[in-house]
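Working notes, beginning with the structure itself.
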Amino acid sequence: MVGRVLAVDPGEKRIGVAISDPTGTIGNPLKVIKHVSRTLDAALIALAATEQQARLIVVGQALDQKGLVGGRARSAMRLAEAIRLQTEIPVELWDESGSTQEARAARFSMGVHRRKRSGHLDELAATVILQSYLDAHA
């Protein structure tokens with residue numbers, strides 16, 4: 001599958017967004033969207049996907065330890081549905097369990113100073129989700 005993929009890390013306050021390269025191989029942070037409402041968030045995500053010429057939008061969905069759908073996962077499902085109403089670009093849900101922890105570890109391994117390490121991880125978490133998706137579909 002060649003083409004750009006846009007990934008979303010939904011959060012209660014901020015939504016991380018990442019985009020792949022044109023070959024759909026490598027994910028990169030794109031931006032953070034401040035949460036306003038599901039409808040507006042979905043419109044901004046759909047706009048970003050269109051601007052980036054994405055062929056697919058992947059929404060991170062945090063499943064619990066047993067792989068079951070909980071409150072956060074249901075919220076991701078509702079966001080994915082709202083995005084589908086805003087665009088013709090296909091939308092998929094992808095298990096994002098552990099993406100924030102992986103983003104934090106990546107920041108640590110890059111040598112980021114402790115004070116700066118505690119900042120927002122939204123776009124890095126979206127990149128972790130995206131790379132996981134890309135690797136699984138390579």
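All of the numbers you see were taken from the coordinates with simple rules; none came from a lab. Computed from a predicted model, the values in this text were never measured in an experiment. Heads up, the Cβs are rebuilt from the backbone with ideal geometry, glycines too, and the neighbour counts pull from every protein chain shown.
Peptide packing for 41-51, 6-16 was compared via the average number of neighbouring C-beta atoms within 10 Å per residue; ordered from the highest value, the list is 6-16, 41-51.
Counting charges near LEU30 (Lys, Arg +1; Asp, Glu -1) among other residues having Cβ under 15 Å from its Cβ returns a value of -2. ASP64: net charge of surrounding residues, Cβ under 11 Å, Lys/Arg +1, Asp/Glu -1, itself excluded? Residues near ASP64 contribute +1 overall.
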